[in-house]
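> What follows is a structure written as structure tokens; I'll ask about it next.
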Amino acid sequence: MWFQFAGKAFIILNMFLRSLALSAAVLIFFLDSLGNEDRRFSVLRSEPMIRIGLSTNASSASITTGDSQLVAYSPDEPGRYLATNRVSVSARAYRPPETEVYRFEVQNIATSEEAEEVAKDVREATGETALVSVDPATNTWRVWVGGTFETAEEADAFKAVLAEKGFEDAVVVAEKKTVISEDAVALSQQLRTAGKSQVRSLIRPTGDVQPVIGPPSVDPNLREVIVNGPSESVKYASLKSVAFGSLNERANPVRYNGKAYRGRIEVFVNARGSLTVVNVVPLEEYLLGVVPAELSLPHLEAQKAQAIAARTYAVANINGYGTQGFDMVPTVWSQVYKGVSIETKIGTQAVRETAGQIAMHGGKPIMAYFTSTCGGRTENSENIFDHAEPYLRGVECSLEGPSHFEPFLIKTMRNPAKVRDDANLELVHLMSLMAVNGFSLTTSQMTDEWFEDPPSEGEISNWLNNLASKFGKVFPNVDRDTAKPANLAKILSRFIYEPGTADALLSDSDIAYHLSFDDASEIPLDVRADMAMLLRDGYFTLRPDLTLQPNRPFSRGRMLRLIRQIYEKKKWMPTLQTGTTKASVDGKLVLRSGRSERQLAIRPDVFLFRRFGGTLYPVREAAIVGGETVRFQTDGGGAVWYLEIDPTETPTVAENMSPFTNWSTTVSAGAVQSRLSRYVRGIGTLYDVNIKRKGYSRRAVELEIIGSNGVKTLKGGKIRSALRLREQLFVINKRYSGDKVVGYTFTGRGWGHGVGMCQYGAFGLAKMGVKADDIIKHYYTGVDVIKAY
């Protein structure tokens, strides 16, 4: 498991924490036995420190701060106040320190016998040692008197003693002496016992070094950290790791190569001989630079879910790169971390409000994988990463059943029309549209029977008054008989023509020509000319059986069709506004408007229509999830009163706001072979590629690769990497030349590995009102969210 620590790794982590002299969190484990690899997480007593490897092969590092000065920290040393806010750090081969020592000689003695005599006199007079040796440079003899002295003052005092004893000719000889430092011995011993560790700087106090048996041994390949600043007092070398901080680390974060990070920047030598640069930071402050980098979508609950997932991932991956001296990297190989520059107000709020919360399963922090866009379903972990986790099960990126759409519903208090006749369905649209434009609607529910009945006197009056207003004429006097075609023709003729126009301009033959239908003879004489002109000009209509039945009242439906005919002829039909939606919010219509949005209130009695197939139907409610095309009309107050909805063709899952929901890419057969050959050896000439097995989410989890050398397979997450696709939730369309595949089109959904929490899905669920804890529990099966510290 990622969270298990080997014994040495656990020790190394503690050594790093101690080297920083920080009050770090203590990890408590229950150990079945000393050598047992199974470590069960129990509790974090306090917030842990996290080590982020910012660079693993730096030749130099620039460390700065906006504070008055930097402070340097190394193991077993007090903080060093540097009196500068800018230093550069590099590495070089270890140069042991040299000290100057002083000794005394009586020189230029001609023979060995004389030298032995002088030595005897010195011993007798001073009680000091006196050693005789030849000086090869002068071919004379000399006597080394006494031991060595560390300071010039000590040497001067001894010279005076010798002079007093009669040895004024004794000469002071200054020599350079290399000193084997305790740090060099400690680091050499650390490297001999470090196993696979790539750390080449001392990371523990020298007092922790085991006693050395025999003469001290120094590794000849030691390298040291070099700190350079604007003054000599700042320039120094160290065999230890060096961590840099500000006087006020919260107000003035330290910067590495110009980029600000909370906590401290630690530098040490690695196995390459270059520098490793690590940001050592409290977990909660680390998350401030992770949450907005990983999920910048503007919803607090989504970012809180991201904070819990990121915190859990960090805890589970402590010591993940232990041999390199840190826990995680700041990229997608761990989780994206951008330091202070990426921090946001909402991201900080999300971290603060979930402080210490992590997701647990079976008593341990989970490996909280997350993915940008899951394509509608997440996948079981073993199908991507080759290890099965009970909490990393594939799930739908949506809530169950109708509840998924509840937050996006637009509702009306109106009873939807109930009709069986297709022709009357069109009248439902017409009557609804006319009703919001001043036409009287007298029923609470439109039915076939209502359309087939004649209009009431009040309806006739209202409808004809609306026509009169359009034509600029006086309102007519009406009664129930006005719905009869003969009477209706008289009124319409007065609206459209000047009195006597039809009689003057139409001859008897003209009238007969335009009234050549079955029951034209039943039309009263005084109406015949008007009726003929109305029919000629498209302002009247017959019944389907080619009759007029002039004394039989028009039904509501037929009268409404006649009004529509006149409105369309005169181009008076109401013009609807159009738009493309975003997901509805609190029952409001939200329209895209460039990069922004426009929200419109919806009346409780809105006339609501939704298209199914090619037909619009009246509905009581409809979900607007985003991407729908709508046509609508508003009332005087700007609220939507009439609304037609064409459903979106984009996915309706929680992640549907992601720009990566759908994608397609075409790759030549040669390019596919080149890509696959880097992961699968011995394909030969590629003949074909097929999806052999799919996972829970319908992702391709095993490919069949047919080549001239036989059939090969490729499994798991390597499929996406090999083919260089955004996701491995795809279908394959092939282009042929004869019987040979020459190209592959991959059409898919999503972006990422598809395991764990879908980040765009989390945003979508948050917009539906789902809380952070429940988002975590939705994507991670069977977990509990606990406060670990």
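The values are calculated or read from the model by the stated rules, or taken from the named source; none is laboratory data. The model shown is predicted, which means the values in this text are computed figures rather than measured ones. Don't worry about glycine lacking a Cβ; one is built from the backbone with ideal geometry, like all the others, and counts go over all protein chains shown. Protein only, heavy atoms only, side chains kept; ligands, DNA and RNA dropped before computing areas. Shrake-Rupley method; radii C 1.70, N 1.55, O 1.52, S 1.80 Å.
> How do the helices (runs of 4 or more DSSP H) wholly within the stretch 262-319 filter down when requiring 2 or more residues that are over 27 Å from Ser60 (Cβ atoms) and of a type in the set (D, E, K, R): which remain?
Numbers: elements: 283-288, 291-294, 300-316.
Of the helices (runs of 4 or more DSSP H) lying wholly inside the stretch 262-319, those with at least 2 residues that are over 27 Å from Ser60 (Cβ atoms) and of a type in the set (D, E, K, R) span 300-316.
> With open to solvent by less than 10 Å² (accessible area, probe 1.4 Å), under 32 Å from the mean Cα position of the chain (by Cα) and polar (S, T, N, Q) as the only criterion, which of Ser721, Ser697 stands out? Explain how you work it out, then say what you get.
Working: Ser721 fails: open to solvent by less than 10 Å² (accessible area, probe 1.4 Å).
None of the other options fit; the residue is Ser697.
> Please go through (1) part of a loop (DSSP other than H, G, I, E, B); (2) at pLDDT below 90; (3) surrounded by 13 or more Cβ atoms within 10 Å (Cβ to Cβ) for Gly769 and return the number of the only condition it doesn't satisfy.
All conditions are met except number (3).
> Shifting gears a bit: Would you tally the residues in the stretch 83-138 being surrounded by 12 or more Cβ atoms within 10 Å (Cβ to Cβ) and at positive phi?
Qualifying residue count for the region: 2.
> Going by what's in this entry, would Ile496 be described as closer than 19 Å to Met431 by Cα, buried (at least 19 other Cβ atoms within 10 Å of the Cβ) and in contact with a Phe, Trp or Tyr (Cβ under 9 Å, 6 or more places away or on another chain)?
no
> Then there's this: Look at the stretch 71-82 and say how many of its residues are among the hydrophobic types (A, V, I, L, M, F, W, C) and surrounded by fewer than 20 Cβ atoms within 10 Å (Cβ to Cβ).
Step one: of the stretch 71-82, the residues among the hydrophobic types (A, V, I, L, M, F, W, C) are 71-72, 82.
Then drop every residue that is not surrounded by fewer than 20 Cβ atoms within 10 Å (Cβ to Cβ), which leaves 71.
Here the count works out to 1.
> Right, another one. So, in the stretch 574-596, how many residues would count as being open to solvent by less than 10 Å² (accessible area, probe 1.4 Å) and of a type outside the set (Gly, Ala, Ser)?
Total meeting the criteria: 4.
> On to the next question. If I go through the stretch 378-418 residue by residue, how many of them are within 30 Å of Leu591 (Cβ to Cβ) and charged (D, E, K, R)?
5
> Anything in the stretch 553-573 that is open to solvent by 30 Å² or more (accessible area, probe 1.4 Å) and out of contact with any Phe, Trp or Tyr (no Cβ under 8 Å at 6 or more places or on another chain)? List them, or say none.
The answer is Pro553, Arg558, Arg561, Arg564, Glu568, Lys570, Lys571, Trp572.
> Quick one: would you say Ile358 is in a helix (DSSP H, G or I), buried (at least 17 other Cβ atoms within 10 Å of the Cβ) and in contact (Cβ under 8 Å) with a residue 40 or more places away in the chain? So that I can check it myself, show each step before the final result.
Numbers: in a helix (DSSP H, G or I): no; buried (at least 17 other Cβ atoms within 10 Å of the Cβ): yes; in contact (Cβ under 8 Å) with a residue 40 or more places away in the chain: yes.
Criteria not met by Ile358.
> Restricting attention to the stretch 320-332, report how many residues are surrounded by fewer than 24 Cβ atoms within 10 Å (Cβ to Cβ), in contact (Cβ under 8 Å) with a residue 24 or more places away in the chain and either in a loop (DSSP other than H, G, I, E, B) or of a type in the set (Phe, Trp, Tyr) (or both).
Counting residues in the stretch 320-332 that are surrounded by fewer than 24 Cβ atoms within 10 Å (Cβ to Cβ), in contact (Cβ under 8 Å) with a residue 24 or more places away in the chain and either in a loop (DSSP other than H, G, I, E, B) or of a type in the set (Phe, Trp, Tyr) (or both) gives 4.
> Output the residue which, of all residues in the stretch 612-638 that are in a loop (DSSP other than H, G, I, E, B) and within 12 Å of Ile410 (Cβ to Cβ), is modelled with the lowest pLDDT.
Val625
> Tell me the residue from Pro550, Pro604 that is outside any helix (DSSP H, G or I) and surrounded by 15 or more Cβ atoms within 10 Å (Cβ to Cβ), please.
Pro550
> For residues that are closer than 17 Å to Gln728 by Cα and of a type outside the set (Val, Ile, Thr), tally how many sit in the stretch 674-702.
Summing the residues that are closer than 17 Å to Gln728 by Cα and of a type outside the set (Val, Ile, Thr) in the stretch 674-702 gives 14.
> Considering only residues of the stretch 193-213 that are of a type in the set (D, E, K, R) and at pLDDT 90 or above, which is nearest to Arg51 (Cα to Cα)?
Arg200
> What are the residues in the stretch 467-486 that are under 60 Å from the mean Cα position of the chain (by Cα) and either buried (at least 18 other Cβ atoms within 10 Å of the Cβ) or within 22 Å of Glu522 (Cβ to Cβ) (or both), if any?
Leu467, the sole residue that qualifies.
> Using beta carbons and a limit of 6 Å, which pairs, at least six apart or on different chains, have the first residue in the stretch 63-87 and under 13 Å from Phe244 (Cβ atoms) and the second one among the basic types (Lys, Arg) and in a strand (DSSP E or B)?
Pairs found: Thr64/Arg86; Thr64/Arg255; Ala72/Arg80; Ser74/Lys240.
> For residues that are small (Gly, Ala, Ser) and open to solvent by 40 Å² or more (accessible area, probe 1.4 Å), scanning just the stretch 249-271, find the one that is nearest to the chain's Cα centre (by Cα).
Applying the filter and picking the extreme gives Gly258.
> Restrict the check to the stretch 455-473 and report whether at least one residue is more than 30 Å from Gln633 (Cα to Cα) and not in a loop (DSSP other than H, G, I, E, B). Working first, answer last.
As a first pass, look at the stretch 455-473 and keep what is more than 30 Å from Gln633 (Cα to Cα): none.
No; the residues of the stretch 455-473 include none that is more than 30 Å from Gln633 (Cα to Cα) and not in a loop (DSSP other than H, G, I, E, B).
> Name the single residue that is most open to solvent (accessible area, probe 1.4 Å) among those in the stretch 217-232 being farther than 14 Å from Ser88 by Cα and polar (S, T, N, Q).
Top of the filtered list is Asn221.
> Here is a list: Ser274, Ser296. Which entry is in contact with a helix residue (DSSP H, G or I) (Cβ under 9 Å, 6 or more places away or on another chain), among the hydroxyl-bearing types (Ser, Thr, Tyr) and open to solvent by 10 Å² or more (accessible area, probe 1.4 Å)? Reasoning before the result, please.
Values: Ser274 fails: in contact with a helix residue (DSSP H, G or I) (Cβ under 9 Å, 6 or more places away or on another chain).
Going through Ser274, Ser296 in turn, the sole match is Ser296.
> Let me ask something else. What are the residues in the stretch 582-617 that are of a type in the set (Val, Ile, Thr), touching a helix residue (DSSP H, G or I) at 6+ places or on another chain (Cβ under 9 Å) and within 29 Å of Glu426 (Cβ to Cβ), if any?
Within the stretch 582-617, Thr615 is the sole residue that qualifies.
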